[in-house]
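The values are calculated or read from the model by the stated rules, or taken from the named source; none is laboratory data. This structure is a prediction, so every number in the text was calculated from the model and none was measured. Using ideal geometry, Cβ is built from the backbone for each residue, glycine included, and neighbour counts are taken over all protein chains shown. Remember, those area values only see protein heavy atoms, side chains included, never the ligands or the DNA or RNA. Shrake-Rupley method; radii C 1.70, N 1.55, O 1.52, S 1.80 Å.
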Amino acid sequence: MAAANTTKIYGLKISTCTKRVLTALEEKNVTGYEVVTVDVSKGEHKSAEFKKKQPFGLIPKLEDDQVELFESRAIARYVAERYADQGTNLLGPTLKERALVNQWLEVESQNYTPPIFGLLTEKVYKLRRGLTTDEAKAAEHKAKVSVPGRPVHSVWPVAMLVFVVAFITPVPLSSSANPHLPFLFLLSAQPCR
């Protein structure tokens, strides 16, 4: 009889970073994990108790019978390797494919997330809190992720599809696009003009 899954994800299901981890778990067909809600609106992530688990007071955090990790991309890579024999191969079967996946994960981390998060802050998060959007800042962030004449939310999915469909590598779309998905979901639900 297999041991019960002891994986706990501390986070908030609507958080883009937590969604990144949950997407990896689902892609790997991992069952039985627990999501422990950390209510960031109440500051639970900044509490002394939570900072014992995550010293920067950020979500998500993973705990299982083998490791404790924070940083969503590190957790997703860990999940991909720990459950390598099940679900979608998220990292690629060859050295070349793994290198390309890592390249696109770095592109996402360094060139996509900072401006898209700034754009979402101005166009989504501030509005949810009843604050006023700084249109100049929104335009600045949007310019960093846009191609003239194309909607902001179309640039990155097309880049990822071209990458995969052009058979530069047969890496599944989910492996290199997974980190983009939570942000794209928010953008598709909120027009960014």
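In segment 23-42, the residues that are within 10 Å of Tyr10 (Cα to Cα) form Cβ pairs under 6 Å with partners that are small (Gly, Ala, Ser), at six or more places apart or across chains, as follows: Val38/Gly11.
Scanning segment 92-139 for residues that are open to solvent by 90 Å² or more (accessible area, probe 1.4 Å), touching a helix residue (DSSP H, G or I) at 6+ places or on another chain (Cβ under 8 Å) and outside any helix (DSSP H, G or I) gives a single hit, Thr132.
Flag set for Glu49, criterion: open to solvent by 60 Å² or more (accessible area, probe 1.4 Å) and free of Cβ contacts under 8 Å to residues at least 12 places away in the same chain.
When Tyr83 is tested against (1) open to solvent by less than 80 Å² (accessible area, probe 1.4 Å); (2) within 20 Å of Asn5 (Cα to Cα); (3) touching a strand residue (DSSP E or B) at 6+ places or on another chain (Cβ under 8 Å), just one condition goes unmet, and that condition is (3).
Could you list all residues from segment 28-60 that are of a type in the set (Gly, Ala, Ser) and part of a helix (DSSP H, G or I)?
Of everything in segment 28-60, those that are of a type in the set (Gly, Ala, Ser) and part of a helix (DSSP H, G or I) turn out to be Ser41, Ala48.
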